[in-house]
1. Looking at region B:46-59, is at least one residue part of a loop (DSSP other than H, G, I, E, B) and within 12 Å of another protein chain (Cβ to nearest Cβ)?
2. Looking at this structure, is A:L90 open to solvent by 50 Å² or more (accessible area, probe 1.4 Å) and closer than 30 Å to B:Q6 by Cα?
3. Is region A:44-54 home to any residue that is more than 8 Å from every other protein chain (Cβ to nearest Cβ), of a type outside the set (S, T, Y) and in a loop (DSSP other than H, G, I, E, B)?
4. Looking at B:A91, B:A41, B:A95, B:A86, can you tell me which residue is at the interface with chain A (Cβ under 10 Å from one of its Cβ atoms) and surrounded by 17 or more Cβ atoms within 10 Å (Cβ to Cβ)?
5. Specify which of the listed residues (B:L66, B:L109) is open to solvent by less than 70 Å² (accessible area, probe 1.4 Å), touching a residue at least 12 places away in the same chain (Cβ under 8 Å), among the hydrophobic types (A, V, I, L, M, F, W, C) and in a strand (DSSP E or B).
6. Taking the stated definitions as given, is B:K99 without any contact (Cβ under 8 Å) to a residue 40 or more places away in the chain, among the basic types (K, R) and closer than 26 Å to A:R111 by Cβ?
7. Which condition number in (1) open to solvent by 50 Å² or more (accessible area, probe 1.4 Å); (2) over 11 Å from the mean Cα position of the chain (by Cα) is the one that B:I20 fails?
8. Condition check: of a type in the set (S, T, Y), assigned to a loop (DSSP other than H, G, I, E, B) and more than 28 Å from A:C23 (Cβ to Cβ). Does B:S80 satisfy that?
Amino acid sequence: ETGVTQSPTHLIKTRGQQVTLRCSSQSGHNTVSWYQQALGQGPQFIFQYYREEENGRGNFPPRFSGLQFPNYSSELNVNALELDDSALYLCASSLAAGGAIYEQYFGPGTRLTVT
Amino acid sequence: DQQVKQNSPSLSVQEGRISILNCDYTNSMFDYFLWYKKYPAEGPTFLISISSIKDKNEDGRFTVFLNKSAKHLSLHIVPSQPGDSAVYFCAASEAAGNKLTFGGGTRVLVKP
């Protein structure tokens, strides 16, 4: 069984640029959630995708957007990068079945630095 | 507003003893609670969960206790092992698998 994978591992971008982060869900999972973890804090929910549709969004501006593909992999896009976007970005996958959604399993994260 | 709080940023415990991690929440709509462990350069690893219809859940060395009236949960690790040294996050959601709201984490150091 393959776990959640994310790419790239590290990324350095300049303020104002755009970035795309990628996530492959754990085998058999159909739901993906994205979180931002700033240094010394707990992860904060950005949004969740289920069957290619956004299924909930946290308190993040519209320049944070996402996609989920038919194979359940996902992308997080951030436009007009700001210095405060520097963080660890975590992807988590889970299985939604029979009206229930089970525990979320996290990937290793992408460390984004904005200069 | 911090809906989930872990008031102890760090905890040091001797190998073989009990580690007790605490977590408080304010949102009465939360009905599913989880604990995750995180090592440096890795994503959080799911440890144990509990739904609001229970007050205790055990899995091996890990036990989670939920006190709904006090809006408080705790994680007990018995016996603590050096490999348990990590940052522990508690998280809550309004339904299993829904968006998770995390606490700020507690760094645990288990001394040999």
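1. Residues of region B:46-59 that are part of a loop (DSSP other than H, G, I, E, B), as a first pass: B:52-55.
Okay, now just the ones that are also within 12 Å of another protein chain (Cβ to nearest Cβ), so none.
No - not one qualifying residue is present in region B:46-59.
2. Working: open to solvent by 50 Å² or more (accessible area, probe 1.4 Å): no; closer than 30 Å to B:Q6 by Cα: yes.
Taking the combined requirement at face value, the residue does not satisfy it.
3. Initial filter on region A:44-54 (more than 8 Å from every other protein chain (Cβ to nearest Cβ)): A:46-47, A:49-54.
Next, from what is left, pick out any that are of a type outside the set (S, T, Y): A:46-47, A:51-54.
Subsequent filtering for residues that are in a loop (DSSP other than H, G, I, E, B) retains A:51-52.
Within region A:44-54, one or more residues are more than 8 Å from every other protein chain (Cβ to nearest Cβ), of a type outside the set (S, T, Y) and in a loop (DSSP other than H, G, I, E, B).
4. On the way: B:A41 fails: surrounded by 17 or more Cβ atoms within 10 Å (Cβ to Cβ); B:A95 fails: surrounded by 17 or more Cβ atoms within 10 Å (Cβ to Cβ); B:A86 fails: at the interface with chain A (Cβ under 10 Å from one of its Cβ atoms).
The conditions single out B:A91.
5. On the way: B:L109 fails: open to solvent by less than 70 Å² (accessible area, probe 1.4 Å).
B:L66 is the lone residue from the list that is open to solvent by less than 70 Å² (accessible area, probe 1.4 Å), touching a residue at least 12 places away in the same chain (Cβ under 8 Å), among the hydrophobic types (A, V, I, L, M, F, W, C) and in a strand (DSSP E or B).
6. Numbers: without any contact (Cβ under 8 Å) to a residue 40 or more places away in the chain: yes; among the basic types (K, R): yes; closer than 26 Å to A:R111 by Cβ: yes.
Yes.
7. (2)
8. Numbers: of a type in the set (S, T, Y): yes; assigned to a loop (DSSP other than H, G, I, E, B): yes; more than 28 Å from A:C23 (Cβ to Cβ): yes.
So B:S80 passes the test.
The values are calculated or read from the model by the stated rules, or taken from the named source; none is laboratory data. Bear in mind that the values here come from a model prediction, so they are computed numbers and not experimental data. Cβ coordinates were reconstructed from backbone atoms using ideal geometry, including for glycine residues, and neighbour counts include every protein chain displayed. Accessible surface areas use protein heavy atoms only, side chains included; no ligands, DNA or RNA. Shrake-Rupley method; radii C 1.70, N 1.55, O 1.52, S 1.80 Å.
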